[in-house]
Amino acid sequence: MDGKVQRINGVSAETPIPLITPYKLGKLQLSHRVVLAPLTRQRSWNNVPQPHAILHYSQRTSKGGLLIAEATGVSDTAQGYPHTPGIWTKEQVEAWKPIVDAVHAKGGIFFCQIWHVGRVSNTGMFFTYHLLFPAKRASSNLLYRQAIDTQIRGNGIGVDQFSPPRRLTTDEIPQVVKDFRLAARNAIEAGFDGVEIHGAHGYLLDQFMKDQVNDRTDKYGGSLENRCRFALEVVEAVVDEIGADKVGIKLSPYDAFGEAEDSNPKALGLYMAESLNKYGLLYCHMVEPRMETLGEKSECAHSLLPMRKAFNGTFLVTGGMTEKMGTTLWQRIAQILLCMGVGSWPTQIFQRDLRSMLLSTSTTEKHSIHPILLLVITIIHFLKIPSRFSKV
């Protein structure tokens, strides 16, 4: 090109892309910094993972890439949506094994996200009862701000009106902690490389942490320390069971999913980040403040940077990323990965370099490149949402 360097979107075509540089995650060697986000699929009939998931996850696998499986229930009382997978029975563990093996066969690293939905459930549809305390507002059994009796999810499945929640008694909490412990043990037995504890998006652990939902008067309510006690007990149990080097956690202090809000999300996020350090977790996965509710993005002055500085391990970030963040953030902030599941077209530069990297990982096999691995910078051309991560 006559000695000229081609530029796309103002970036040199020869400029290395930080997102596809190797990264050491504890004992795990990643070939790039793009993480497949956990994506609820509702295709595990009767809560048992199905063989078609082998294709789903293997298509999204690259050698040295980290994948986080869809949210997986820790018990029969943890479920909130039809046909989401579980990992509390032997049948479920055995069903996960060939799926995990398929990811490992392509050199991928696979974590299982374990969850309990709490009040985000319906007693008539799934099981005889669900575990949660009532919220302060009588109307809160309509768990989303939308008219959820007619709400249609992105997958086309309608959401019924959620049943009034029942308060989880103090004596019942240790059993739920044990459920998380068993789920972690089962995940390792199924072959997963680790687990991610789901403490975000208005589900059970998040419900305990948020002061606009938790009105308990026992040791699990009131002060910030008390509200975070349950989540940290789960962390301690899981770490004790499988080791801190195999454990991550997902948090969303700023969002209001399921009407689970907090009056001081920055203090909540900082408290959790600092408290997690004593357990030596592999990573902390946090949702950007701009993601206020499901699928809703907005500009805001809040930032995850204080939490990033407070947490000693690797930091995963998800939610409404921009091209600018994707090309500059990783050069300025250490120990950070981008976790993503949906988005728009990536830049031509990143698409070229990531595709080249993936196709060169084997001399005998051309890996199946699924678009999810190419969607690295979310909403980059169509929704120009400024990044606030770099601000304190």
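Just so you know, all these numbers are worked out from the coordinates, no wet-lab data involved. Just so it is clear, the structure is predicted and the values come from calculations on it, not from any experiment. For neighbour counting, all protein chains shown are included, and Cβ atoms are generated from backbone atoms with ideal geometry for every residue, glycine included.
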Exercise for the section: Rank by packing, highest mean first: peptides 20-26, 232-238, with packing defined as the count of other Cβ atoms within 10 Å averaged across residues. Expected result: 232-238, 20-26
Handout entry: Inter-label distance, nm, simple model (7 Å from Cα along the C-beta direction), T170/K97
Key = 4.3 nm
Fill in the blank from the handout: Rounded to one decimal in nm, the spacing of the 7 Å Cα→Cβ label points at N312 and E236 is 1.7 nm
Completion exercise
Checking rank on 194-207, 47-60, 241-254, with mean other Cβ inside 10 Å and highest first, the result is 194-207, 241-254, 47-60
